[in-house]
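A.B. asks: One structure, as structure tokens, below. Some questions next.
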Amino acid sequence: MIESAAVNFGLCVLIWLVQLVIYPSFAVIEKSQFPQWHKRYTNRISLIVIPLMLSQVILLGRLIYHSSFNTVFLIQGLLILAAWVVTFALSVPCHRELSKNKDLSQINRLIATNWLRTSAWTAASILDLLKFT
């Protein structure tokens, strides 16, 4: 389904931008301005990420429901589940701490643990490419 592939690709591109550009920029934002900047960032990025993540789950569920068992869908489902677990178990707590105070160790933890989401969403997107070739 092309819609699912488009959402997976959108999350893949977004997470690479976050990983390579946005999260590393946290370290150079002035400490006095960081809490305000971080709050604005999280509010705005949520407007993009939440609909994409929800769409990803809904579309994958629809694919699984309307298709016969497919190993690729199962693997994608596990990758998406992993991304959700990392998001809520690791990334959200880091962001909560950063919303209170700029902390370089939290920024570094956020960057390090975000590689898990980056890998999961990249792999899900690559699987879509393999389905269409």
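A.B. asks: I'd like to verify a number: residues in the range 25-50 that are without any contact (Cβ under 8 Å) to a residue 60 or more places away in the chain and either loosely packed, with under 10 Cβ neighbours inside 10 Å or not β-branched (V, I, T) (or both), how many?
C.D. replies: Within the range 25-50, residues that are without any contact (Cβ under 8 Å) to a residue 60 or more places away in the chain and either loosely packed, with under 10 Cβ neighbours inside 10 Å or not β-branched (V, I, T) (or both) number 13.
A.B. asks: I'm trying to understand the selection: among the residues of the range 100-133, which are at pLDDT below 95 and not in a helix (DSSP H, G or I)?
C.D. replies: Hits for the range 100-133 are N101, T133.
A.B. asks: Tell me the residue from S91, S68, S99 that is over 21 Å from F9 (Cα atoms) and without any contact (Cβ under 8 Å) to a residue 40 or more places away in the chain, please.
C.D. replies: S68
A.B. asks: Which of the helices (runs of 4 or more DSSP H) found entirely inside the range 1-99 contain at least 1 residues meeting this: closer than 17 Å to S119 by Cα, at pLDDT below 90 and of a type in the set (A, V, I, L, M)?
C.D. replies: In the range 1-99, the matching helices (runs of 4 or more DSSP H) lie at 71-86.
A.B. asks: Do you know which residues across the range 66-92 are farther than 21 Å from Q106 by Cβ and of a type in the set (S, T, N, Q)?
C.D. replies: S67, S68, N70, T71, Q76
The values are calculated or read from the model by the stated rules, or taken from the named source; none is laboratory data. On a predicted model such as this, the values are computed, not experimentally measured, just so you know. Heads up, the Cβs are rebuilt from the backbone with ideal geometry, glycines too, and the neighbour counts pull from every protein chain shown.
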